Every structure is written in structure tokens, then in C-alpha cells.
1. If amide hydrogens are placed 1.01 Å from N in the peptide plane, which non-local residues have theirs closer than 5 Å to the one on residue 125?
2. Placing unit charges on C-beta atoms (Lys and Arg positive, Asp and Glu negative, everything else neutral), compute the dipole magnitude of the chain about its Cα centre in debye, rounded to 20.
3. How much length is gained on full extension from residue 261 to residue 159, taking 0.36 nm per residue of separation minus their Cα-Cα distance?
4. Given a Förster distance of 45 angstrom, what is the FRET efficiency for residue 235 paired with residue 300, based on the Cβ-Cβ distance and rounded to 0.05?
5. At 222 nm, what value in deg cm²/dmol follows for the chain if DSSP H runs of at least 4 each add -39500 (n - 2.57) and the sum is divided by all its residues, to the nearest 500?
6. Counting only protein heavy atoms, what percent of the accessible surface of region 40-156 is carbon or sulfur at a 1.4 Å probe?
7. Once you place label points 7 Å from the Cα toward the Cβ at residue 352 and residue 108, how far apart are they in nm?
8. Ignoring ligands, DNA and RNA, please state the percent of accessible area on region 184-270 from carbon and sulfur, probe 1.4 Å.
Amino acid sequence: MVDRACQDARGLLMVSLLVLALLGTTAKALAVVPGESSRAVSSPIFQPAALPTLTARASLAVDITAGVELWAQDADRPLPPASTTKLMTALVARRWLRPDESITIRHDDLVDPTVYANAGLQPDDRVTVTDLLAAMLIASAGDAALALARVAGERIDPQHHVPRAVFIDAMNQEAARLGLRHSRFATPDGRDAPGQTVSARDLAIIAAAVLGDPLLAELVATRRREIEIAGPQSRRITVVNTNQFLTEPDALGVKTGTSAAAGQCLVAAVRRGNDIVVLVLLSSRDRYADARALLTYLDREYRWLTLDSRSFPELASLAREGIVPALVPTVVVANETADRVRIIIDRQHSSADVVGTVRLRIGTSDLFIVPLLRLER
């Protein structure tokens, strides 16, 4: 079974995943908090950002940390997923296989190298689960995906004569567990298959689960990695990430996909403040241009305010006194409401560790309240 750390990470994400699964319309983001010393966040006169022109047939942008949907266009439309399927393959493999166990490659794990992305694996190669996950998520290697599915399927039901069919059933069970509404998986490597579909919203939920697993989050953000192959033809190979969006500032992964039926697909994650924003583009003619256009729109339409001195200079003067917020959350705010956001600092003269509160407030509503702590000198 998957290691305990992965299970715990998934558990912490479930609330956010449920929010994502239930969101059906684009919601404007709200924001923030605190007390005496009150100041509004200054902003220029609001002008709505021009809507992006995208070539994708379906798209979604969501702040998975805040559980706030920022953009949606046919986000529930079922479409072929291509190799974005491998994100689900990785989740199921992590549930059943240990990262350090070694898998021996068989002939039926191989793919046609003239048609499918692959790691150049050969029969009798021995590769760890971690390295197979790396090959699959970084280089989109179909041979790695098939090997993981076969061995995990054997682990799930040792008596079944078609272990990959068992694995595909497990993929669909995982989809149900995550609350996916428009996804059905028929292959572990994402090759075009009748009835295999996913929606942009479902892929955002899958991406949130992947990013909640420390090992998978590291792999989908890796640009290149050396993989060790043991066996009769022992060697090292270097896999290079297919995701060109990783060169963008603050990019965190996640996965590309391309096929005749699916067109160009992209699941991308970027950091905004301390939040993670996931972009999903399906059936695009230029996924990277679409992603940049969508991200430009988001950065014009929203602001991410972090409870630190860069967003709120008042906190710098407190820090010089050895007083800091107990947490450093980020809130996403629609630009049209940014001038209504206020920080309120309530100082309490006390010898205790807690010496007040800081809150962000919009109108008369507190969006969060954070204790102020005195650091030990």
C-alpha cells in the first residue's frame, strides 16, 4: 500500500477537493482581515480585464488552496484526456506500490516508439517504482505507465488474468472517490480509446491530489532527471519534461497530453502568493499560448494578498519589535473589490506570547483573523 505520508497528504486535501467538485459556476474571490491601525489596500481605478481568447475547447482556472474558481469555459465538457490520464495512473500506482520496490519490465509493457512517448525500456530491465513514475510524469513514457499498471493490477487482484483491466477499474474507482463527474478511464497511458473522457474540472481535482502527494508534486515539477536501470542492459537514461510551461515564473508542473482525438492538452500549476492556481486546457490548438493568455487575464482580474510586509508594510514595523502573525495566509481578491480590503491590527499589551490579532476585512466581513505572536529575543 502507499506510504503513510501520501495518505495523510490526501486526507488534508479532501476538503479542497470537495469544494472543487461542487463548484459549478465561476465565483468572484473575496478577501481578508484585522483591528486598530486600519488601512485600505490601495489600487488603481478598476477596469475589467479583457476576456482571453483561447483556442481550447474547454478550460478552467482554480485557486486550489482557497477553493475559488477563477475562470471556466465548458469546464464540465467530457473530452479525450490523452496523456493527462497519467496523473490518475500515478495516483493509483501510489496507492498500491512502494516507491523503492523494483519492477521487471516485460515485453507487453513496451509501446511502439514511433507512435507513443516512451523511456526506451527493454524486457528484463529492472526499474524502481519511483523511477517509473518519473519517466511517466516527466517524459510521459507510455512503457512506464503500462509497467506500473500491470504490477499494481497484479497486486490488487492476484487471481485476475488481465491485471491492467483490474488497474483500469481501480482508476475509475479512484475517480468516483475523488468525486469526478465526467471522467471515465479505459487505458493507463492515455492513448485514444472509445469512451475515455475527462473534464477540465475533473482534471483540476486530479491535479490537486497529485500536488498533495510530496513525491508526485516533486516529479511533475522536475525538468530533467536521471533514471537508473538495472538488469542485463544496466544503464542510466535522462528523461526531459514535456511541459514547456515549466519555464514560466512560479510554475509548479503538472502534465501535458497530445493525441489525434484530444489535440493539445495541458494541466499547469503556478504559485500566487502562498496559494496554488491550477490551469486546465483541453483540445487546444496552442496550449502554451492559451495558458499564458489565461494567466495574464487572471493577473489582471485578481490580486493575491499575502499577510506579509510586501503586501502590508505595517507588518514590517511589527517585525522590528519581534511581533509576527502566527500564520501567513494568502487571499485572492477580485480587482473590483481590492480597494475595499482593509488590514486591522489590534495590539494588546501583554507579557504572554499572543499580543493581539491581525485581520483582513472586506466591508464589514472578516475573512480571516490571525493571532500576533511575540518572538523570543
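The values are calculated or read from the model by the stated rules, or taken from the named source; none is laboratory data. Given the structure is predicted, the values throughout are model-derived calculations rather than measurements. Cβ: placed from backbone, ideal geometry, glycine included. Neighbour counts: every protein chain shown. The accessibility values were calculated without ligands, DNA or RNA, using every heavy atom of the protein model including side chains. Shrake-Rupley method; radii C 1.70, N 1.55, O 1.52, S 1.80 Å.
1. When sequence neighbours closer than 5 places are left aside, the close amide H contacts are 105.
2. 480
3. Details: separation 102, 0.36 × 102 = 36.72 nm, distance 3.43 nm.
Extra length available between residue 261 and residue 159 comes to 33.3 nm.
4. 0.40
5. Working: 9 runs with 112 residues, N = 377.
Using -39500 (n - 2.57) per qualifying helix, the result is -9500 deg cm²/dmol.
6. About 52 percent, which is the carbon plus sulfur part of the accessible surface.
7. For residue 352 paired with residue 108, the spin-label model returns 6.6 nm.
8. 49
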